[in-house]
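Working notes, beginning with the structure itself.
The values are calculated or read from the model by the stated rules, or taken from the named source; none is laboratory data. Please read all numbers here as calculations on a predicted model, not as lab measurements. Don't worry about glycine lacking a Cβ; one is built from the backbone with ideal geometry, like all the others, and counts go over all protein chains shown. Accessible surface is based on the protein model in full, side chains and every heavy atom, while ligands, DNA and RNA are left aside. Shrake-Rupley method; radii C 1.70, N 1.55, O 1.52, S 1.80 Å.
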Amino acid sequence: MLKKFLIAVLIVVVVLSIAKDKLIEVSAENICRSVLGVKLEIGSLKVGVIRPVFAINDMKLYNPSGYEDEIMADIPEIYLNYDLGAILKKKVSIREFRFYLKELAVIKNQEGDLNVNALKPVESKEEGSQVQKEDKAAGEMPEIYIGSLTLRADRVLYKDYSKGGAPSEQTFDIGMNEKYEDIDDPYTLVRLILVSVLQKTAISNLVNVPMAGVNKALETATVLEQQAQQAAAGVMEKVAAATGGAAAGTGDTVKKTTEAVGGLFKGALGGGDRSK
């Protein structure tokens, strides 16, 4: 009898857990859609029960009508480590935000319009604009604070249909892996991602992303690969100083070892070339 009861309880817990994730997935889609202004889909979503973590996998951002291509952005992974206490106070405070953008497709249609200009944070030209005020007043755009954002991006694809016929195409394998701090607005988050990614391409001048709130975040940027190299160099210099550099060629050894250790950090941080 006890065994059957425990099995029944286990089944209820599993069902509630699945239902909880599905309900949160629908809510997350609605919030993201209200912030971005375009259709999106989430492949799967997991919310930690014990640890305050939130993981989204296989998110797809779709182009608005009037564009040949269906997908604007392929986002395999979003990871959040949030402050549960702040959530209970109806505030969104995220300690760690990891965003992996596999591909951003920038499309110019036959009328010469760019798909990314359809995003609400791009349409809304100034901080505190009417669109933002209306969204906040309607409760559609949450107030958030992000302590740390790690942004990885593999590539940007540009297609131009404006000349008719087959589109001209350019692919930019950017392989970026950077960290930003102190982001306090959803629009700033979207703008920061767009600016950081596009400035590593030859088409950054095509998109006029409003810089309200972005410059401050850009000042906090850290290239994680360089940070790893610097950390490795500091460790090896301390080792060399501690040993007095007794062996001949210590400088070359430190340099080579630093590069090797830096390479290990680079691989661990996912900063290698991921172009396909």
Quiz item: Just wondering, is there one or more residues in segment 149-159 that are basic (K, R), in a loop (DSSP other than H, G, I, E, B) and either modelled with pLDDT of 85 or more or surrounded by fewer than 21 Cβ atoms within 10 Å (Cβ to Cβ) (or both)?
Solution: no
Quiz item: What number of residues within segment 63-89 satisfy the criterion of being part of a loop (DSSP other than H, G, I, E, B) and in contact (Cβ under 8 Å) with a residue 12 or more places away in the chain?
Solution: 7
Quiz item: Can we say A86 is open to solvent by less than 40 Å² (accessible area, probe 1.4 Å) and at pLDDT 85 or above?
Solution: no
Quiz item: When residues of segment 83-103 are filtered for being under 21 Å from D58 (Cβ atoms) and of a type outside the set (K, R), how many remain?
Solution: 7
Self-check item: Pairs, first open to solvent by 50 Å² or more (accessible area, probe 1.4 Å) in segment 162-187, second of a type in the set (G, A, S), C-beta under 6 Å, six or more apart
Solution: D173/S275; E181/S148
Practice problem: Give me a count of the residues in segment 94-117 that are open to solvent by 30 Å² or more (accessible area, probe 1.4 Å) and either assigned to a strand (DSSP E or B) or touching a helix residue (DSSP H, G or I) at 6+ places or on another chain (Cβ under 9 Å) (or both). | Solution: 8
Quiz prompt | Residues satisfying the stated conditions in segment 38-60, i.e. under 13 Å from the mean Cα position of the chain (by Cα) and open to solvent by less than 20 Å² (accessible area, probe 1.4 Å) | solution = I56, M59
Exercise. Please find, within segment 67-83, the residue that is surrounded by the most Cβ atoms within 10 Å (Cβ to Cβ) out of those that are at pLDDT 90 or above and among the charged types (D, E, K, R).
Key: D74
Exercise. Search segment 188-212 for residues being more than 22 Å from E103 (Cβ to Cβ) and crowded, with 18+ Cβ neighbours inside 10 Å, and hand back the single one that is modelled with the lowest pLDDT.
Key: A212
Exercise. Determine whether segment 197-205 contains at least one residue that is within 14 Å of the chain's Cα centre (by Cα) and either within 20 Å of L61 (Cα to Cα) or assigned to a loop (DSSP other than H, G, I, E, B) (or both).
Key: yes
Quiz prompt | Of residues in segment 24-53 being charged (D, E, K, R) and at pLDDT 80 or above, the one farthest from L84 (Cα to Cα) | solution = K39
Quiz item: Out of (1) modelled with pLDDT of 90 or more; (2) open to solvent by less than 20 Å² (accessible area, probe 1.4 Å), what's the single condition that is false for Q132?
Solution: (1)
